[in-house]
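Coordinate-derived values only; no laboratory data. These numbers were taken from a predicted model, which means no experiment stands behind them. We place every Cβ from the backbone using ideal geometry, glycine too, and count neighbours over all the protein chains shown.
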């Protein structure tokens, strides 16, 4: 499965992805859709738990961000923006507290899809039943990306994790809002191409800083990509070529910037102090 194949599939793209996946796996469409319903329920549960709790993570670096944003006055009068950000951070703070989340596609990027997809759906009062097929498409986009590059910060920097999750979320939101197969794939491509080069530099080696806020930023990034694609804007570089470019950059990236905590924010004085404090425990 490639992005170009999804792009050229009949709309809705999710139906083609579902049929292709069932043919490859031997599963029935209902089994796949039921699995997606389960994932959606788990995502929503982690959002709700995250918004309700201000308990600190094991390191004490995060834990109160999602609830703090959710409870604060909306000074920009931008309820969709606030909801998407808060949902995304809620999931990743639950992950930092060792709560149950859905890796989508990884734990470090788990907030992007629920932040964008559930956030948009709740803003527009769209039911969870209507999210099942967009979730199928998100999985198909993730599968297509994984065919050309590893979806892990250790392999290709944060571009490989948060970029992939943003692409998956962008395609899902685009389909949710009636976008064609072509629009969905170009949304994914635009999300990816504007993430190329992003390093993975977790402070202390923990998926907390900058990961929690990064999910908030890239959930909005995914929604922005969907907005562009739904307005008939497209990626100038063909979608599969965007993946190839990201994979090439990932291979060129030094180990210090690939989840080793040996570069970037992790090597700031504050980052090193956190590492020393956790190692002394």
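Among the residues in segment 29-44, are any more than 26 Å from residue 137 (Cα to Cα) and buried (at least 16 other Cβ atoms within 10 Å of the Cβ)?
Our first condition is that a residue be more than 26 Å from residue 137 (Cα to Cα); within segment 29-44, this holds for none.
Within segment 29-44, none of the residues are more than 26 Å from residue 137 (Cα to Cα) and buried (at least 16 other Cβ atoms within 10 Å of the Cβ).
Failed condition for residue 269, given (1) touching a helix residue (DSSP H, G or I) at 6+ places or on another chain (Cβ under 9 Å); (2) without any contact (Cβ under 8 Å) to a residue 24 or more places away in the chain, with all others met?
(1)
Every residue in segment 225-234 that is over 20 Å from residue 157 (Cβ atoms) and in contact with a helix residue (DSSP H, G or I) (Cβ under 8 Å, 6 or more places away or on another chain), please.
Within segment 225-234, 226, 228, 229, 230, 232, 233, 234 qualify.
Hey, any hits in segment 241-263 for a residue that's within 30 Å of residue 126 (Cβ to Cβ) and under 15 Å from the mean Cα position of the chain (by Cα)?
So far as segment 241-263 goes, no, none of its residues is within 30 Å of residue 126 (Cβ to Cβ) and under 15 Å from the mean Cα position of the chain (by Cα).
Output the residues belonging to segment 107-127 that are more than 22 Å from residue 183 (Cα to Cα), in contact (Cβ under 8 Å) with a residue 40 or more places away in the chain and surrounded by fewer than 20 Cβ atoms within 10 Å (Cβ to Cβ).
107
Please enumerate the residues belonging to segment 225-260 that are more than 17 Å from residue 151 (Cα to Cα), in a helix (DSSP H, G or I) and in contact (Cβ under 8 Å) with a residue 24 or more places away in the chain.
Correct list: 225, 226, 228, 229, 230.
Return the residues of segment 97-132 that are more than 10 Å from the chain's Cα centre (by Cα), outside any helix (DSSP H, G or I) and more than 13 Å from residue 43 (Cα to Cα); say none if nothing qualifies.
97, 98, 124, 125, 126, 127
Does segment 223-235 contain at least one residue that is within 29 Å of residue 58 (Cα to Cα) and over 15 Å from the mean Cα position of the chain (by Cα)?
No, every residue in segment 223-235 fails to be within 29 Å of residue 58 (Cα to Cα) and over 15 Å from the mean Cα position of the chain (by Cα).
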